[in-house]
Amino acid sequence: MILLPPAPHLCQECAVDHKPDEPHNAQSLYYQTKFRMEHGREATWSDALAHCNEMVRRHWLAELRKFGIPERLLGDAAPANYATAVTTAPSRKDGAR
Ligand SMILES: [Zn+2]
């Protein structure tokens, strides 16, 4: 399967117009398709938030819960194991994502 890249002005991960430090759109068909091709599983909001700072991640997960998004779609960066995910995440200071 070949996935054509998004237009140059869009995020190359989710094909949505957002700033580099903002979350990818986990509901984007492009993001879900690309993620599944690369990782062999469905992307979660935790995946879409992985490149964001801790404050942004916590805020987004809390707001998504308020909207009743199921835990399976939020992923494994829930507060209980959040510290581990933060300390083991690779540095993204190069702005690659
Ligand atoms: Zn994106």
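Read-outs: derived from the displayed coordinates by stated rules, not from any lab. Because the structure is a prediction, the values reported are computed rather than measured. Note: ideal-geometry Cβ built from the backbone for every residue, glycine included; neighbour counts use all protein chains shown.
Relative contact order of segment 1-64: what whole-number percent is it, with Cα pairs under 8 angstrom and at least 6 residues apart?
On the way: 67 pairs, mean separation 14.7, N = 64.
Computed value for segment 1-64: 23 percent relative contact order.
Suppose each label sits 7 Å from its Cα in the direction of the beta carbon; what would the VAL16-THR33 distance come out to in nanometres?
Result for the modelled spin labels: 1.7 nm.
Figure the gain on full extension for HIS9 and HIS59 (residue separation times 0.36 nm, minus the Cα-Cα span) and round it to one decimal in nm. Don't skip to the answer; put the middle values down first.
Values: separation 50, 0.36 × 50 = 18.00 nm, distance 2.64 nm.
Contour length minus the Cα-Cα distance gives 15.4 nm.
Take each of the peptides 10-16, 44-50, 69-75, 57-63, average the number of other beta-carbon atoms within 10 Å over its residues, and list them starting from the highest. Let's see the in-between values first.
Values: 10-16: 18.6, 44-50: 21.7, 69-75: 13.6, 57-63: 16.0.
Final packing ranking: 44-50, 10-16, 57-63, 69-75.
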